[in-house]
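Rule-based calculations on the coordinates, nothing more; no lab input. These numbers come from a predicted model, not from an experiment. Backbone-built Cβ (ideal geometry, glycine too); neighbour counts: all protein chains shown.
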Amino acid sequence: MGAYEDLVNGIENTEARAAVLDLDRRRAALRGVYRQTDEDPRYTDSFKRDTQWEAYDREAPRIEAAGAKARELLEKTARGHEMAAKPRPHGESMIYSDPSRIVAAQNEAARIVRRLDRQADKAGKNPIGRPSPAEYLRDEYRRGMETGGVAGVAICDGAWRAADELGIDPDSYLAPLRTPEQDEQLDRARRYRQIADSVASSVPKPPRQRPASQIAGFAGSSPPKHKVGFGLASGGWPAQTKSGGRHWS
């Protein structure tokens, strides 16, 4: 079993795993159409080419949609684990929608950014003994955890927002504050993002070049609707043989 298969089998979210498997199945089925037509000696090269591109035009939007759904579910799951990995005051949640609480966190973030700006100005003159931005953020976040309650959440979230505004890596100040359980949640988030990055974003193209008449016919517009139904869902198709007749599989 390859590394990609190991990643997919390790997806704990059943909906996300089903979406990834559906995407892989659709891509494999389209490749199967290409291989099946290529290996069949009864059909002309032009018929193989047309049939393959018809299958591509029909399946490409479905594969792209399946890929977008799989990545969206994986990213959503990763964000959930990242949120669970954030240290927090005891008994409090870092998820809230109360406007007053959002404003409180924004005010804390602005305060922390101002303090860091002042520290940077002073450090330029005498950096010895002054804490780094990550150390200051860690101390502020720890203070929020110790304060507890709504006020503590505002301080923690303010530190988080300030770090995000300043482009400071969360691990640089949160790592010492996480519990082993939160470290595990962060590892899960990273695995889900790795899988999301591994999910194929392209649609397999036919081995033969698209006919020039088709390129000229719908350049800049949607592909034409085809009458030939090949193999992904249908049981058979009318095929042009080398003798010029039609054969039903």
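Numbers at a glance
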| item | result |
| --- | --- |
| Label-point separation, D6 to D40 (7 Å along Cα→Cβ), nm | 4.0 |
| Stretchable slack from R111 to D171, in nm (0.36 nm times residue separation minus alpha-carbon distance) | 19.5 nm |
| Gain in span if fully extended, Q119 to S198, counting 0.36 nm per residue against the direct Cα distance | 24.3 nm |
| Per-peptide average of other Cβ atoms within 10 Å, ordering 34-45, 81-92 highest first | 81-92, 34-45 |
| Least to most buried among E146, E64 (fewest other Cβ within 10 Å first) | E146, E64 |
| The range 99-177: relative contact order in percent, alpha carbon pairs under 8 Å with at least 6 residues between | 41 |
| Per DSSP, loop chymotrypsin sites (Phe, Trp or Tyr not before Pro) in the range 44-144 with at most 15 further Cβ within 10 Å | Y96 |
